[in-house]
Structures are given as structure tokens and as C-alpha cells.
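Q: Structure in C-alpha cells, see below.
The values are calculated or read from the model by the stated rules, or taken from the named source; none is laboratory data. What you see is a predicted model; the values in this text were computed from it and never measured. Glycine also receives a Cβ, built like all others from the backbone with ideal geometry; neighbour counts cover every protein chain displayed. Heads up: the accessible areas ignore ligands, DNA and RNA and are worked out on the full protein's heavy atoms, side chains in. Shrake-Rupley method; radii C 1.70, N 1.55, O 1.52, S 1.80 Å.
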Amino acid sequence: MDLLKTLVEKGLRRELPTREEALAVLATSDDELLDVVAAAGKVRRQWFGRRVKLNYLVNLKSGLCPEDCSYCSQRLGSTAEILKYTWLKPDEASKAAAAGVAGGAKRVCLVASGRGPTDRDVDRVAGTIEAIKEQNEGVEVCACLGLLSDGQAERLRAAGADAYNHNLNTSEGTYGDITTTHTYADRVETVRQAQGAGLSACSGLIAGMGESDADLVDVVFSLRELDPDSVPVNFLIPFEGTPLAKEWNLTPQRCLRILAMTRFVCPDVEVRLAGGREVHLRTMQPLALHLVNSIFLGDYLTSEGQEGRADLEMIADAGFEVEGADTTTLPAHRGEGGGCGPCGESASCGGHENAPCGGFEDAACGGHDSAPVPDEVPAARTEQSARTDLVTVRRRGAGTDLAPNA
């Protein structure tokens with residue numbers, strides 16, 4: 001396909017595809033799927049080889065969140081029967097993190113439910129970061145605490161945090177349909193605060209909430225413009241007791257197309273396969289390793305994931321290798337402060353030197369004549385049978401007396 005050839009060439013140059021090209025990836029047929037995976041795989045290997053970075057989640061505070069995010073089992077009004085507990089003590093969190101590090105995790109992600117941290121909460125997390133780093137030499141720590149207030153990102157950085165996660169989740173145009181207690185702009189501002197404090201920004205999306213192909217392209221293009229170092233791609237886990245419990249819109253094939261599109265738009269970024277992979281990709285998970293270069297090991301915040309041992313076997317059997325602590329994840333050109341987003345592009349990005357900041361569809365971004373797609377691609381309603389048996393509430397690890405899955 002001429003489309004895939006064009007996308008590979010652009011990905012190897014770190015050049016942004018056109019919106020039409022990105023939409024065309026999502027519109028490819030199942031007969032073309034392996035060609036799409038192979039093409040995006042060339043871009044993935046160019047920048048990350050066959051390495052897979054492992055990340056491990058520690059849920060510091062679970063449930064009872066005042067926000068109304070429709071996808072979340074911890075939301076205001078959720079009746080999902082999840083674990084609910086207040087802040088873990090630093091030694092408890094460090095013990096949980098150590099299990100993930102022992103399983104091969106290079107980064108520990110500390111997450112707490114809520115709108116955003118108080119200054120006292122930041123102090124708590126600072127103590128937890130210190131405890132984790134004292135016991136696990138070389139481990140990266142990413143905090144995910146919600147919306148940040150002025151000065152909090154700097155305090156987390158001073159405490160030893162390496163990164164901060166705050167996802168955009170969906171397109172700006174549909175954000176109000178998913179959440180009403182804060183805005184899309186609030187999320188963008190928190191990511192920018194993290195970047196301004198010198199933290200590595202992590203921001204991604206959730207697919208499968210009933211969005212259109214255009215919405216998916218919008219949010220991934222917005223992420224490219226925001227220029228985080230890592231982009232987690234989550235697939236909705238439809239928890240009973242949440243407003244989106246009946247949204248079963250994904251097939252393994254659609255998930256792979258979404259991951260491929262994300263890789264083409266963000267070629268040299270750490271694309272992470274995140275929540276929902278077991279529920280929606282199922283036996284097709286190994287194919288996703290040709291598109292992503294990062295996954296979560298073991299369980300998630302409120303749901304159980306694939307056994308950690310199975311994760312490691314899957315990586316080895318697919319011909320990939322776990323990235324070691326002595327290896328730098330990102331390509332050299334994406335060193336500190338040197339990303340490849342608008343406002344920070346070098347001539348080596350290819351074809352961007354005449355583009356205005358954020359001017360993704362400017363003619364300088366590359367030819368627009370190679371994408372044979374319709375003007376608009378409607379939402380893909382696949383009518384997939386609900387696999388509620390694959391949605392398992394986490395009952396082990398942080399907040400329990402049972403050993404974590406790592």
C-alpha cells in the first residue's frame with residue numbers, strides 16, 4: 001500500500017502524518033491488518049529496537065474520588081465493588097513497588113485517586129518516593145496525582161520524581177461528554193506544569209468510550225503537539241457500576257489499528273500498552289509488541305491484569321527483550337528538553353521547518369495527496385459481545401494482605 005510506505009518513510013524521519021493518513025490507518029480492513037502492523041513495526045524498531053520497558057503501578061489511595069469521569073471505577077457515584085482505602089504508608093508503598101522491580105519493572109508509577117493533591121499529600125508522596133529510591137537503586141518513579149497546583153510539580157521533582165502522568169483521555173471536542181467536574185484545558189495545563197518543572201511528561205488516551213475515528217486522531221494529534229515523552233494507550237475496561245459499563249466497542253483488530261496509528265503519529269515516543277489490553281486484545285497481545293515499546297507489568301489500579309510471569313513469557317516468546325535499568329528508553333535526540341513536538345523541532349524532523357507552532361496540517365508537514373480516505377470516518381461500532389468475565393476487580397497487592405502480582 002502506498003499509504004503504508006508513506007507512513008513508514010515519515011515515521012523514520014519523525015515527520016507528522018496528515019490527518020487523512022491517520023484516519024486511513026483506522027479505516028484499513030482486517031485483511032490489511034498484518035501489513036499495517038508490519039509497517040508500524042518498522043518505525044517502532046527504528047527508534048526502540050526490540051526492547052520492551054516494564055512499568056509497575058502502585059495505587060496509593062483507592063476509590064472515593066470526587067470527580068465524575070465516566071470511565072473510572074473510582075469515580076463519584078461508582079458502585080463498582082473495588083478496593084477502597086486511604087493513603088498507603090511509605091513503607092507499604094515501597095514494599096509493593098519492590099515486587100514490581102523484582103519482576104523487571106524499570107519504572108514505578110505512584111497513583112492516587114482524587115481531583116488533585118493537597119500540599120500535605122505532596123509531602124506524603126515525597127516520603128514515598130524517597131523510600132522507594134532508597135530500596136531500589138536506579139528505579140524511575142512517576143507520580144499520577146491528578147490536577148497540580150502552582151509549585152507542586154517543582155516539589156515532586158525536588159523529592160526525586162522522574163515523571164508525571166496526566167492523560168488527556170479523549171478529544172477536546174468530546175471531553176465534556178465524559179467528565180464535567182474539570183476540563184480538558186485543566187489536563188493540558190497540568191501536563192505543561194510537569195514539563196515546566198523538568199519532569200518527564202506522560203500523557204495518553206482511553207479508546208473504546210464510543211468515540212469516532214476523528215476523535216481518536218484528534219487526541220493523538222493533540223498529544224503530539226503537547227509532546228510528552230510517553231503516551232499510554234488504554235482500552236476502556238467497562239466496569240459494572242460505571243456509566244460506560246455497556247460500552248463494548250473494541251475488537252482486537254481495532255485495538256491494533258489504534259496502536260499503529262499512535263505509533264505513526266508519535267514515532268519516537270514511548271508508546272505504552274496500558275489498561276484493558278487483556279480484556280480487548282486477549283490472545284492478540286503479542287502482536288501489539290510490534291507497535292508499542294512499553295507495557296504495565298501485572299495488575300492495574302482497580303482491576304487484575306495478566307500474571308506477571310505470563311507477561312515476561314509473552315515478551316520472550318514474541319522475540320522481544322525486557323529493557324534494563326542501564327538502557328536509556330528514549331532516542332538520544334529526545335534528551336532532556338529536546339523533544340520533537342512543535343515549538344521544539346530540529347531540522348532532522350523532516351519537513352517541519354516552515355510549519356507554524358501547532359501547524360500540523362500546513363503544507364510544510366508533508367504531502368497531502370497520498371491518503372485515499374473518505375472525508376469522515378464514523379465511529380466504529382463493532383457490536384462485540386461483552387466479555388465481563390475478563391473484568392476482574394483487583395483483590396491483591398496494595399491495600400490488601402495478599403502478595404502483589406508482578
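Q: Report, ordered by the first and then the second residue, all pairs with beta carbons closer than 6 Å, sequence separation of six or more or different chains, a first member in the stretch 214-240 that is under 16 Å from Arg14 (Cα atoms), and a second member that is open to solvent by 10 Å² or more (accessible area, probe 1.4 Å) and in a strand (DSSP E or B).
A: Going by the 6 Å Cβ cut-off, the qualifying pairs are Asp229/Ser200.
Q: In the stretch 219-253, which residues are in a strand (DSSP E or B) and within 20 Å of Gly176 (Cβ to Cβ)?
A: Scanning the stretch 219-253 gives a single hit, Asn234.
Q: Please enumerate the residues belonging to the stretch 153-175 that are more than 15 Å from Leu205 (Cα to Cα), of a type outside the set (D, E, K, R) and out of contact with any strand residue (DSSP E or B) (no Cβ under 6 Å at 6 or more places or on another chain).
A: Within the stretch 153-175, Ala153, Ala158, Ala159, Gly160 qualify.
Q: Additional query: Asp121 - would you say it is within 18 Å of Gly63 (Cα to Cα) and either touching a residue at least 60 places away in the same chain (Cβ under 8 Å) or out of contact with any Cys (no Cβ under 6 Å at 6 or more places or on another chain) (or both)?
A: It is true that Asp121 is within 18 Å of Gly63 (Cα to Cα) and either touching a residue at least 60 places away in the same chain (Cβ under 8 Å) or out of contact with any Cys (no Cβ under 6 Å at 6 or more places or on another chain) (or both).
Q: Next question. Output the residues belonging to the stretch 191-217 that are buried (at least 23 other Cβ atoms within 10 Å of the Cβ), small (Gly, Ala, Ser) and assigned to a loop (DSSP other than H, G, I, E, B).
A: Within the stretch 191-217, Ser203, Gly204, Gly208 meet the criteria.
Q: On the basis of being under 29 Å from Leu88 (Cβ atoms), modelled with pLDDT under 90, open to solvent by 20 Å² or more (accessible area, probe 1.4 Å) and among the aliphatic types (A, V, I, L, M), does Ala386 make the cut?
A: Considered against the rule, which asks whether it is under 29 Å from Leu88 (Cβ atoms), modelled with pLDDT under 90, open to solvent by 20 Å² or more (accessible area, probe 1.4 Å) and among the aliphatic types (A, V, I, L, M), Ala386 comes out as no.
Q: For residues in the stretch 156-185 being without any contact (Cβ under 8 Å) to a residue 24 or more places away in the chain and within 18 Å of the chain's Cα centre (by Cα), which is farthest from Thr118 (Cα to Cα)?
A: The extreme case among them is Tyr175.
Q: Okay, moving on. Only one of these is closer than 30 Å to Glu321 by Cα and in contact with a Ser or Thr (Cβ under 9 Å, 6 or more places away or on another chain): Ala102, Ala97, Ala80. Name it.
A: Ala97
Q: Please tell me if Thr183 is in contact with a helix residue (DSSP H, G or I) (Cβ under 8 Å, 6 or more places away or on another chain) and open to solvent by 50 Å² or more (accessible area, probe 1.4 Å).
A: Working: in contact with a helix residue (DSSP H, G or I) (Cβ under 8 Å, 6 or more places away or on another chain): yes; open to solvent by 50 Å² or more (accessible area, probe 1.4 Å): yes.
Yes: the conditions hold for Thr183.
Q: Shifting gears a bit: So which of Val271, Val220, Val231 ends up being open to solvent by less than 10 Å² (accessible area, probe 1.4 Å) and either of a type in the set (S, T, N, Q) or under 29 Å from Leu64 (Cα atoms) (or both)?
A: Values: Val271 fails: either of a type in the set (S, T, N, Q) or under 29 Å from Leu64 (Cα atoms) (or both); Val220 fails: either of a type in the set (S, T, N, Q) or under 29 Å from Leu64 (Cα atoms) (or both).
None of the other options fit; the residue is Val231.
Q: Quickly run through the stretch 130-153 and pick out the residues that are closer than 18 Å to Thr190 by Cβ and either of a type in the set (Gly, Ala, Ser) or within 23 Å of the chain's Cα centre (by Cα) (or both).
A: Within the stretch 130-153, Val141, Cys142, Ala143, Cys144, Leu145, Gly146, Leu147, Leu148, Ser149, Gly151, Gln152, Ala153 qualify.
Q: Let me ask another. Condition (residue is surrounded by fewer than 24 Cβ atoms within 10 Å (Cβ to Cβ) and either at pLDDT 95 or above or in a helix (DSSP H, G or I) (or both)) applied to the stretch 260-267: is it met by at least one residue?
A: No.
Q: Let me ask you something else. Name the residues in the stretch 274-305 that are surrounded by fewer than 19 Cβ atoms within 10 Å (Cβ to Cβ) and either farther than 20 Å from Arg254 by Cβ or of a type in the set (Ser, Thr, Tyr) (or both), would you?
A: Thr283, Glu304
Q: Could you tell me which of the residues Glu247, Glu172 is touching a helix residue (DSSP H, G or I) at 6+ places or on another chain (Cβ under 7 Å) and farther than 25 Å from Asn293 by Cα?
A: Values: Glu247 fails: touching a helix residue (DSSP H, G or I) at 6+ places or on another chain (Cβ under 7 Å).
Sole residue among the options that is touching a helix residue (DSSP H, G or I) at 6+ places or on another chain (Cβ under 7 Å) and farther than 25 Å from Asn293 by Cα: Glu172.
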